[in-house]
1. Any chance you could check the Cα centroid distance between segment 99-133 and segment 222-243 for me, in angstrom?
2. Rg and Dmax in Å for segment 10-179, alpha carbons only: what are they?
3. Once the piece of chain linking T313 and T239 is laid out straight, how much longer is it, given 0.36 nm per residue of separation minus the C-alpha distance between them?
4. Just grab the label-to-label distance for D35 and K72, each label 7 Å out from Cα along the Cβ direction, in nm (one decimal).
5. Based on the Cα atoms of segment 218-258, what semi-axes does the equivalent ellipsoid have, where each is the square root of 5 times one gyration tensor eigenvalue, given in whole Å with the largest first?
6. Of all beta bridges DSSP finds with both residues in the chain, what is the antiparallel percent, to the nearest 5?
7. Could you please state how large a percent of the accessible area of the chain is carbon and sulfur, counting protein chains only and using a 1.4 Å probe?
8. Check the straight Cα-Cα distances from K232 and name the aspartates and glutamates below 20 Å, setting aside those fewer than 8 residues away within the same chain.
Amino acid sequence: MEPLSTNNSHAALIGVGAFLPPRRISNEDLAERMDTTDEWITTRTGIRARHWADPGIATSDLAVEAGHRALKSARLTAEPGAVDAVVLATTTPDHPCPATAPQVAARLGLGTAAAYDVAAVCTGFLYALATASAQIVAGHARRVLVIGAETYSTLLNPADRTTNVIFGDGAGAVVLEATSEADRPGVLLGVDLGSDGTRHTLITVAAGGSRQRSTPGAPDPDAHYFAMDGKKVFAQAVTRMAGSCAKVLERVGWTTDEVDHLVGHQANLRILHALSRQLGVPQRRAVVHLDQVGNTSAASVPLALADAAGRGTLGVGDRVLLTAFGGGLTWGAAALRWPDVVPA
Ligand code: COA
């Protein structure tokens, strides 16, 4: 099948970058603070460490670093006109209002580029990639910087060991550019997005929005923390990501045998293994990065991509299948052949 295009313009990935805050929290560090063990965390999740931003560091700080590195990887100078838009996927914006992306664009020196946030929790990066690609295909933008950045450590309830062991902070970014060459490696070949709002209560931060307002002295401080129903989320994650991948594979005309690298949302190693099994993609082709960073939500897919590209795992022309799942519920998948791109 032909790549997505209406006017002979395709969106190609030309740069990738990543940034992790320096403070590394090992499983042993967590075991000193709460009732958990390295053995439980490793066997149930595959996670060995995560990075948490120091107090005072916000999502935009991580996003600027990753964005800067992606621009450098694309051999672009961060200056006005370098990109036409900045799309930031995040569930942990600097403030409820305004969006974080305009500040990121300004701090990167990108002038008055369009800039907006996308909120699709752990699927955020794929939603952002899809909207950025659509802008290019429609002819509204020539280059777009797409960033996934999160500081989930700011949402964690110190009394909830389940979420504390899973989530980490970080940022990953890519640059998309218009091209008329449909066969060029990097061209986004197919995308699938989906949602199921009937299950919106499975992953929540209950308070702070218009439903349950943030009032000083509110009776339930826990309502401001991130909460999830881990078991139900686990089952949905596998089913939804597998379904979305199958749709994209059909759209682009690849068999599962032809997938060289499965870059799934880095939530839990058992989820990645179950996804490989369900899809019929050998486990060795699944990119694993969560052992070092945990679940970084919207940053997860671009961080895993940058890590795999940096290690030389992704060869030029390799078939790469991206997929993610998150609160909403939301999910998505996308396919591309890896371009000649390494992180800066
Ligand atoms: N350390 C030690 N024990 C823990 C623990 C921790 N950090 N967290 C939970 N436990 C305990 C539970 O209290 C429970 O004890 P009990 O049997 O005495 O009641 C036991 O471990 C098993 O808990 P359970 O919830 O059944 O574990 P699980 O195998 O389902 O794993 C998750 C829990 C959260 C790791 C798993 O459900 C998961 O990964 N879900 C998906 C989460 C996710 O990816 N969310 C984001 C999606 S975008």
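1. Segment 99-133 and segment 222-243 have Cα centres separated by 24 Å.
2. 17.1, 54
3. Result for the pair: 24.0 nm of gain on full extension.
4. Between D35 and K72, the label points sit 4.6 nm apart.
5. The equivalent ellipsoid of segment 218-258 has semi-axes of 37, 10, 6 Å.
6. Counting DSSP beta bridges with both partners in the chain, the antiparallel share is about 70 percent.
7. Answer for the chain is 50 percent, counting heavy atoms of protein chains only.
8. Hits, sequence-local ones excluded: D160, D196.
The values are calculated or read from the model by the stated rules, or taken from the named source; none is laboratory data. This is a predicted model, so every value here is computed, not measured. We place every Cβ from the backbone using ideal geometry, glycine too, and count neighbours over all the protein chains shown. Heavy atoms of the whole protein, side chains included, go into the accessibility calculation; ligands, DNA and RNA do not. Shrake-Rupley method; radii C 1.70, N 1.55, O 1.52, S 1.80 Å.
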